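Heads up, the thing below is written out as structure tokens.
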Amino acid sequence: MDTTAEIKLSDYQYDLPEDRIAKFPLEKRDQSKLLHYENGKIAHHRFYELPTLLPSNTLMVFNNTKVIPARLIFQRDSGAKIEVFLLQPTAPSTLINETMMHTGTVTWQAMIGNLKKWKDGEVLQGKVMANGTALTIRATLENREERRVKIDWDDDHLTFAAVVEAVGEVPLPPYLNRKATNEDKPRYQTVYSQKEGAVAAPTAGLHFTDEILKKLSDTGIQTDYLTLHVGAGTFQPIKAEIVTHHPMHSEQVVVTKENIRHFLAHDGNIVAVGTTSMRSLESIYWYGVKLLNGDSKEFQIQKLYPYQKQLKKATLKESLQAILDYMNAENLHEITGSTEIFIMPGYEFRVCNGLLTNFHQPASTLILLVAAFTKGRWQNIYHEALSHDYRFLSYGDSSLLWHHKKA
């Protein structure tokens, strides 16, 4: 822990003027600016040029999570509004994918606005149209301290995914400081999203169009998709001056046997599309290390697990092979795990040597990740972006960063 214990939050601040935060998306996704960083050099492009900037031996890994309209608004008989912001399911399963497909009562841990006005035992009701029919949805506060909310509805043919699609609002990042519009529903979603469960978009992917994905394929760039359901904790500011004291959020990761086989077979550049893909890929490596060390067969990576000196490290191939062997032995097609991995300066990257990402908030966990990946050059990169009128944060512009690049 010597390399991380001295990291101070104040070293990762920068001045982000309010007018540089992109409050709305561009009309065309691929018209955003793209900063290209490699070996200390910076060049400026447009996102539609991305296929020309990647070597032919590149594997791009995308996060196919789908943002759910996780903000549910109910009104009491008195007129007071109660907001239920879904965070993590607790029943019928803690697995997000399973709960989203459930057709009965579900229970979620949530952030609750106006909690004091929601009485114990009080059932809140809302009426909406879903799939052409009137739907009544009910919410009951099951546990006040744990902010646990039970939700049911009067059509047992509808999945919970269909219910929230009908009743919920897009959970825009708090720093946009505006209400969601109808346009946000398609735009705060990647064109390749599939697995419902995120409450924040993997925003690096918002720049992609079907045309760019086709161009990547036409130029021989390989692609793969895994799932990390982005949680609200991604926006949680670091308040501790010693950053290792920050309570990292945990997020669910789903990886398939096909993913592991693909990663094993690849011997070129691996570019993570977004910090969520990066966290997933690096966590997968550490899961293989856990198996090899005999620590546990549970896919659960704690925030400082990679920094333990006593761990017996492994090559990427050894780690991936250990996971594949385990999945074969247990006859598993996929594994769902959780990660709260904290990637900060001092971290040694094991999987990814390229990162496609937006520009992040000052003094955030994501700035620390970028600082680690660019070997401390983040300030130069961000200064260059600010001086060239780049748009910042979720709806902002993009960057392609190389830790090192294979020829």
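The values are calculated or read from the model by the stated rules, or taken from the named source; none is laboratory data. What you are looking at is a predicted structure, and each value in this text was computed from that prediction instead of being measured. Virtual Cβ from ideal backbone geometry, glycine too; neighbours counted across all protein chains shown. The area values use the complete protein model at the heavy-atom level, side chains included, leaving out ligands, DNA and RNA. Shrake-Rupley method; radii C 1.70, N 1.55, O 1.52, S 1.80 Å.
When the gyration tensor of region 158-217 is built from Cα positions, what are the square roots of 5 times its three eigenvalues, in whole Å, from largest to smallest? Largest first, region 158-217 gives 23, 16, 10 Å.
Run the numbers on the chain and let me know its relative contact order in percent, using alpha-carbon pairs under 8 Å that are six or more apart. Contact order relative to length: 24 percent. With a 1.4 Å probe rolled over the protein heavy atoms of all chains, the accessible area of THR256, THR374, THR52 falls in the order THR52, THR256, THR374, largest first.
Figure note: GLU211, GLU49, GLU27 ranked by solvent-accessible area, largest first, 1.4 Å probe, ligands and nucleic acids not counted: GLU27, GLU211, GLU49.
The angle separating the long axis of helix 378-387 from the principal Cα axis of greatest extent in the chain is about 70 degrees. For the residue pairs LYS33/LYS185; LYS66/LYS116; LYS303/LYS375; LYS297/LYS317; LYS195/LYS313, the C-alpha atoms sit more than 28 angstrom apart in LYS66/LYS116; LYS195/LYS313. Bridgeable aspartates and glutamates around LYS117 (alpha carbons under 16 Å apart, same-chain partners fewer than 8 residues away excluded): ASP77, GLU83, GLU142, GLU145. Our helix-only sum for the chain, with -39,500 (n - 2.57) per DSSP H run of n ≥ 4 divided by its residues, gives a mean residue ellipticity at 222 nm of -6500 deg cm²/dmol. Expressed as a whole percent, the accessible surface of the chain that belongs to carbon and sulfur atoms is 47, based on a 1.4 Å probe. Only Lys, Arg, Asp and Glu carry charge here, each on its Cβ (+1 for the first two, -1 for the last two); on that basis the chain has a dipole of about 500 debye about its Cα centre. Normalised per residue, the accessible area of the chain is 44 Å², obtained with a 1.4 Å probe and no contribution from ligands, DNA or RNA. Can you find, among THR94, VAL128, LEU158, the residue sitting farthest towards the positive end of the charge dipole of region 83-164, where Lys and Arg contribute +1 and Asp and Glu -1 at Cβ? Positive-end residue among those listed: VAL128.
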